[in-house]
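What follows is one structure encoded as structure tokens, with my remarks underneath.
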Amino acid sequence: MSEKKIKRREFLFTASYAVGVVGVGAVIWPLVDQMNPDASVKALASTEVDVSSVEPGKAITVLWRGKPVFIKRRTTEEIAEARAVKMDDLKDPQKDEDRAKDPEWLVMVGVCTHLGCVPLNDKGDYNGWFCPCHGSHYDTSGRIRKGPAPTNMEIPKYEFVNSNIIKIG
Amino acid sequence: MSDHEYVPKSKFGKWFNDRLPLLTLGNHLADYPTPKNLNYWWTFGGILTFCLITQIVTGLTLAMHYIAHADLAFESVEHIMRDVNYGWLIRYIHSNGSSMFFLAVYIHIFRSLFYGSYKSPREIIWIIGIIIYLLMMAAAFMGYVLPWGQMSFWGATVITNLFSAIPFIGEGIVQWLWGGYSVDNPTLTRFFTLHYLIPFLILGLVVLHIWALHIPGNNNPVGIDIKKPSKDTVPFHPYIVIKDGFALLMFMIVFAFFVFYSPNILGHPDNYIEANPMVTPAHIVPEWYLLPFYAILRSIPDKLMGVVAMLSAILILAALPWLDKSKIRSAVFRPLYKQFYWILVADVIILGYVGAMPAEGLYLLVARVATAYYFIHFLIILPVLGFKEKTIPLPLSITEPVLEGPLSSSTIKKESLN
């Protein structure tokens with residue numbers, strides 16, 4: 001009889017705690033989630049860019065989701081240099097063919113994968129980009145070659161709307 | 001803590017104190033028995049309280065004029081500097097005040113390290129202090145973001161990106177911190193909110209810090225337990241109040257020198273350029289008080305491990321009461337520890353220096369050696385010293401070495417103090 005009573009009480013305690021935890025969680029979640037990117041931020045998620053005026057060997061920088069995106073029209077030498085690299089020499093192995101759908105155009109998020117600085121164009125030991133903050137060197141395909149950055153510069157989702165317009169996002 | 005029950009003199013005082021014993025608390029604070037040999041390194045607790053109050057008062061007044069919006073923040077700070085009555089003064093006190101706050105807190109921490117104030121029975125005081133120090137760094141970092149200059153923006157970008165080093169969930173955490181896909185307006189408004197909140201959290205922790213201090217009482221330069229009250233102690237008021245007051249006055253001269261003669265020397269000119277997400281300044285350097293940790297971050301070639309090392313460098317301090325195995329508190333009686341203490345001080349200063357320099361060549365090598373030594377000090381040297389070190393005999397009381405107590409061994413102890 002008494003043992004049965006204790007079991008019932010334990011069950012009630014456990015059930016009360018469980019309901020309490022769910023309740024507290026339900027209250028905390030909105031308070032945490034309000035800090036995530038809001039609807040107005042998400043609404044600005046894509047940008048269209050006219051690239052007709054970009055000469056070979058030149059790059060432009062556009063703002064997408066508050067971040068700079070590099071659009072580089074590469075020269076044939078730069079393409080050749082990027083494609084000649086052996087995969088074994090790369091910290092984050094990735095073929096140039098996979099990074100630039102159209103070899104002439106390299107579209108990538110211009111943010112160093114170390115701590116988020118903007119690398120400088122045509123600088124560094126690999127003729128690509130160099131991050132002045134903590135010294136990461138990127139090649140002509142935006143791949144990390146030397147320095148603390150762990151990965152290659154990110155390729156965003158993009159498409160050619162027509163031969164002059166690139167839509168990022 | 002006093003040995004008599006306090007009774008207010010006036011009738012109203014007694015009536016009030018029976019209902020809320022504030023006067024008893026005041027009496028406890030005034031009579032609080034304090035070791036009579038406290039030197040000037042012990043005055044920084046009072047100085048730090050002054051720094052906190054100064055930051056809160058100037059911060060509240062600045063918040064009356066500042067606008068936390070990405071388009072308006074930079075201009076509103078210039079508005080404070082040019083248009084608001086005495087705005088330049090209040091802002092310069094606030095911005096230099098953070099440096100003065102850290103200067104004082106570093107002296108306070110290193111005093112604790114030298115005299116072993118973190119040891120039993122004062123571990124909780126020490127750990128609360130470390131939490132206060134962490135909150136100070138968070139407040140200082142977020143405050144630096146508010147003017148929305150180039151250093152503000154890129155400092156915020158680099159520091160928030162530290163969290164992206166966490167495997168799998170890092171990217172999500174960073175976007176959650178930003179409220180977007182980069183540092184932007186949502187980041188600024190939340191940083192302002194937290195910058196406003198943290199000083200009051202610190203204030204609460206300061207009350208706990210002092211409460212925990214008043215249980216065992218102050219450590220002292222000799223580092224021995226003393227009877228309280230006894231001929232080894234003096235009442236807090238007026239003795240310590242006057243001494244703290246004098247030290248505070250000297251400190252305020254240094255403070256005023258920075259505010260009135262070189263208000264921008266501790267800042268970076270780049271922060272007078274408005275934030276631009278397209279261009280990173282050539283040299284990103286944090287404020288001077290964060291440089292040693294920045295050097296540790298950069299000395300590790302791996303992103304995640306760099307972040308782990310930097311956080312460990314701070315958190316290892318919380319474990320200090322258990323890493324230091326020596327029962328003797330004061331370095332005065334620990335000839336070997338005393339030398340390693342000064343090597344550590346030099347090590348931290350070297351880390352601060354290389355943290356301000358570019359992370360390449362010789363600087364990087366020095367940073368790596370200094371980082372390694374920092375951890376060796378806490379993880380190897382301190383535990384080993386606890387077993388191996390031959391310490392100097394302690395006096396039985398603070399008074400004994402001065403008055404030549406009756407004990408036959410006292411002459412030896414006296415020599416050891418000199």
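Being small (Gly, Ala, Ser) and surrounded by 14 or more Cβ atoms within 10 Å (Cβ to Cβ) is the filter here; which residues of the stretch B:356-371 pass it? Please lay out each step first, then the result.
First, pick out the residues of the stretch B:356-371 that are small (Gly, Ala, Ser): B:356, B:359, B:361, B:367, B:370.
Matches in the stretch B:356-371: B:ALA356, B:ALA359, B:ALA367, B:ALA370.
Within the stretch B:297-326, the set of residues being in contact with a Gly (Cβ under 8 Å, 6 or more places away or on another chain) and not acidic (Asp, Glu) comprises B:LEU297, B:ARG298, B:SER299, B:ILE300, B:LYS325, B:SER326. Is the stretch B:282-289 home to any residue that is more than 14 Å from chain A (Cβ to nearest Cβ), of a type outside the set (Phe, Trp, Tyr), crowded, with 21+ Cβ neighbours inside 10 Å and under 19 Å from B:PHE102 (Cα atoms)? Yes, the stretch B:282-289 contains at least one residue that is more than 14 Å from chain A (Cβ to nearest Cβ), of a type outside the set (Phe, Trp, Tyr), crowded, with 21+ Cβ neighbours inside 10 Å and under 19 Å from B:PHE102 (Cα atoms).
Taking the residues in the stretch B:259-274 that are in a loop (DSSP other than H, G, I, E, B) and farther than 18 Å from B:ALA140 by Cα as candidates, determine which candidate is nearest to the other protein chains (Cβ to nearest Cβ). Can you show your working first?
Initially, the stretch B:259-274 is screened for residues in a loop (DSSP other than H, G, I, E, B), giving B:262-268, B:273.
If we keep only those that are farther than 18 Å from B:ALA140 by Cα too, we end up with B:262, B:273.
Values: B:SER262: 27, B:ILE273: 15 Å.
Here the answer is B:ILE273.
Report, by residue number, each residue of the stretch B:292-331 that is buried (at least 20 other Cβ atoms within 10 Å of the Cβ), of a type in the set (Val, Ile, Thr) and over 20 Å from the mean Cα position of the chain (by Cα). Those that are buried (at least 20 other Cβ atoms within 10 Å of the Cβ), of a type in the set (Val, Ile, Thr) and over 20 Å from the mean Cα position of the chain (by Cα): B:VAL307, B:ILE328.
Inside the stretch B:291-329, can you point out the residues that are part of a loop (DSSP other than H, G, I, E, B) and within 14 Å of chain A (Cβ to nearest Cβ)? I'd like the intermediate steps shown before the answer.
Filtering the stretch B:291-329 down to residues part of a loop (DSSP other than H, G, I, E, B) leaves B:300-302, B:324-329.
The answer is B:ILE300, B:PRO301, B:ASP302.
Condition (residue is surrounded by 14 or more Cβ atoms within 10 Å (Cβ to Cβ) and of a type in the set (A, V, I, L, M)) applied to the stretch B:13-25: is it met by at least one residue?
First pass over the stretch B:13-25, keeping only residues surrounded by 14 or more Cβ atoms within 10 Å (Cβ to Cβ): B:16-17, B:21, B:23-24.
Next cut, of a type in the set (A, V, I, L, M) only: B:23.
Yes, because at least one residue in the stretch B:13-25 is surrounded by 14 or more Cβ atoms within 10 Å (Cβ to Cβ) and of a type in the set (A, V, I, L, M).
Here B:ASP3 passes the criteria (1) modelled with pLDDT of 95 or more; (2) exposed (fewer than 15 other Cβ atoms within 10 Å of the Cβ); (3) farther than 28 Å from B:LEU188 by Cα except the one numbered (1). Restricting attention to the stretch A:126-168, the residues that are in contact with a Lys or Arg (Cβ under 6 Å, 6 or more places away or on another chain) and surrounded by fewer than 17 Cβ atoms within 10 Å (Cβ to Cβ) total 3.
Please specify each residue of the stretch B:82-95 satisfying the condition of being surrounded by fewer than 17 Cβ atoms within 10 Å (Cβ to Cβ) and either assigned to a helix (DSSP H, G or I) or not charged (D, E, K, R) (or both).
To start, the set of residues in the stretch B:82-95 that are surrounded by fewer than 17 Cβ atoms within 10 Å (Cβ to Cβ) comprises B:82-83, B:85-86, B:88-89.
Those that are surrounded by fewer than 17 Cβ atoms within 10 Å (Cβ to Cβ) and either assigned to a helix (DSSP H, G or I) or not charged (D, E, K, R) (or both): B:ARG82, B:ASN85, B:TYR86, B:TRP88, B:LEU89.
Can A:SER40 be described as among the polar types (S, T, N, Q), within 14 Å of another protein chain (Cβ to nearest Cβ) and assigned to a helix (DSSP H, G or I)? Judged against the criteria, A:SER40 is a match.
So which strands (runs of 3 or more DSSP E) stay within the stretch A:76-169 end to end and still have 3 or more residues that are within 11 Å of chain B (Cβ to nearest Cβ) and in contact (Cβ under 8 Å) with a residue 12 or more places away in the chain? Break it down into steps so the answer makes sense when it comes.
Values: elements: A:105-109, A:129-131, A:136-138, A:144-146, A:158-160, A:165-168.
Result: empty, no element qualifies.
Only a single criterion out of (1) part of a loop (DSSP other than H, G, I, E, B); (2) surrounded by fewer than 20 Cβ atoms within 10 Å (Cβ to Cβ) is not satisfied by B:TYR353, namely (1).
Let's see how each residue does on (1) away from chain A (no Cβ under 11 Å); (2) more than 23 Å from the chain's Cα centre (by Cα); (3) surrounded by 21 or more Cβ atoms within 10 Å (Cβ to Cβ):
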site	(1), (2), (3)
B:LEU113	yes, no, no
B:ILE125	yes, no, yes
B:LEU134	yes, no, no
B:VAL145	yes, no, yes
B:ILE173	no, yes, no
B:THR189	no, yes, no
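For the criterion of being part of a loop (DSSP other than H, G, I, E, B), over 21 Å from B:THR43 (Cα atoms), at pLDDT 95 or above and among the aliphatic types (A, V, I, L, M), B:VAL77 fails. The lone criterion from (1) touching a helix residue (DSSP H, G or I) at 6+ places or on another chain (Cβ under 8 Å); (2) exposed (fewer than 13 other Cβ atoms within 10 Å of the Cβ) left unmet by A:ILE79 is number (2).
Taken together, B:VAL222, B:VAL279 contain a single residue that is within 14 Å of chain A (Cβ to nearest Cβ) and either outside any helix (DSSP H, G or I) or among the basic types (Lys, Arg) (or both), which is B:VAL279. Taking the stated definitions as given, is B:TYR118 surrounded by 18 or more Cβ atoms within 10 Å (Cβ to Cβ) and either more than 19 Å from the chain's Cα centre (by Cα) or on the phi > 0 side of the Ramachandran plot (or both)? For B:TYR118, the condition - surrounded by 18 or more Cβ atoms within 10 Å (Cβ to Cβ) and either more than 19 Å from the chain's Cα centre (by Cα) or on the phi > 0 side of the Ramachandran plot (or both) - is not met.
Going residue by residue through the stretch B:171-181, is there one that turns out to be touching a residue at least 12 places away in the same chain (Cβ under 8 Å) and of a type in the set (Ser, Thr, Tyr)? No: zero hits.
Quick grid of which residues meet (1) surrounded by 10 or more Cβ atoms within 10 Å (Cβ to Cβ); (2) closer than 30 Å to A:VAL109 by Cα; (3) at pLDDT 90 or above:
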| site | (1), (2), (3) |
| --- | --- |
| A:LYS5 | no, no, no |
| A:GLY23 | yes, no, yes |
| A:TRP29 | yes, no, yes |
| A:PRO37 | yes, yes, yes |
| A:VAL41 | yes, yes, no |
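The values are calculated or read from the model by the stated rules, or taken from the named source; none is laboratory data. Every value quoted in this text rests on a predicted model; they were computed, and no experiment measured them. Every residue, glycine as well, gets a Cβ built from its backbone with ideal geometry; the counts of neighbours run over all protein chains shown.
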